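Q: Before I ask anything, let me first share the structure, which is written out below as C-alpha cells.
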C-alpha cells in the first residue's frame, strides 16, 4: 500500500510482512541499524521521496528512500507487533519523517487485527517523536534501559514520567536542553487521527 502525504513530499509503503521475509539494503554510512534491515525475520516499511515532489533533494539513490522501519510479532503475544528498528537518513532527521512512517506502519498493522503495537526507545528524541505518532509510555523498561511505548496510548498522563526517567541519566548537553524545554509540558498533539490517502494496495 502506497501513501503520498503531500505536506511532506513523501510516499510510504509496507514492502513486506514478517512471514514474507523481505530484505532491505541500506547505506550504513547514512542509516543507523542498516545491518538489521537485511535480516528476513522482520517486516519492512519505508518512506521515500514522492516521484512528483518538487524542490526536494534527489541524492538518496534510485529508490529515493529516506526512512525505514523493521517490525515483527511479539514472541509470546500474537496480538502484539513490535517496531524493532526505526532509521532515518542522516540528512533528513528532525523533519518528522520517522514519526510519520511510524504512524503509517502502525495503522497498517492494526488493519491486520493486531490489538497493540509496541516499541522500545533509548533516547528522549525518539520518545517524543513516538508520542506524535500516537504512542504512549507504558511505565515499563527493558533490560537494555529502553522505555516501552504502546499504541493505542495506554495512559496519556505518563508523558512526563518517561521524560523523568531520561532526566535521571547521563545526558548530552543537547539532550539536557531538549528535556528542559519539555519540562511541565503536555504530550505533543498526535497526528494519529489525520486521514491517510491510499493510492495502491498490496
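Q: Stick to the Cα atoms of the range 7-146, pair each with every other, and give me the Kirkwood hydrodynamic radius in Å at one decimal. Numbers along the way, then the final one.
A: Numbers: mean 1/r = 0.0647 Å⁻¹.
Computed over the range 7-146, the radius equals 15.5 Å.
Q: Follow-up question, since we're still on this one. Could you give the alpha-carbon Rg of the range 115-189 over 2.2 N^0.38 Å, rounded to two decimals?
A: 1.01
Q: What shape does the range 105-158 take by its C-alpha gyration tensor, where a ≥ b ≥ c are the square roots of the eigenvalues and a/c under 1.5 counts as rounded, a/b above b/c as prolate, and the rest as oblate? Working shown, then result.
A: On the way: a/c = 1.75, a/b = 1.62, b/c = 1.08.
Prolate.
Q: Would you mind ranking 97, 109 so that the residue whose beta carbon has the fewest other beta carbons within 10 Å leads the list?
A: Ranked by crowding around the Cβ, least crowded first: 97, 109.
Q: Moving to a separate point now. If you average the alpha carbon positions of the range 108-184 and of the range 63-77, how far apart do those two centres end up, in angstrom?
A: 18
Q: Equivalent ellipsoid semi-axes for the range 67-202, as square roots of 5 times the alpha carbon gyration tensor eigenvalues: give them largest first, rounded to whole Å.
A: Equivalent ellipsoid semi-axes, largest first: 24, 17, 14 Å.
No lab work stands behind these numbers, since they all come straight from the coordinates. Just so it is clear, the structure is predicted and the values come from calculations on it, not from any experiment. FYI the Cβ positions are ideal-geometry reconstructions off the backbone, even for glycines, and counts take in every protein chain you see.
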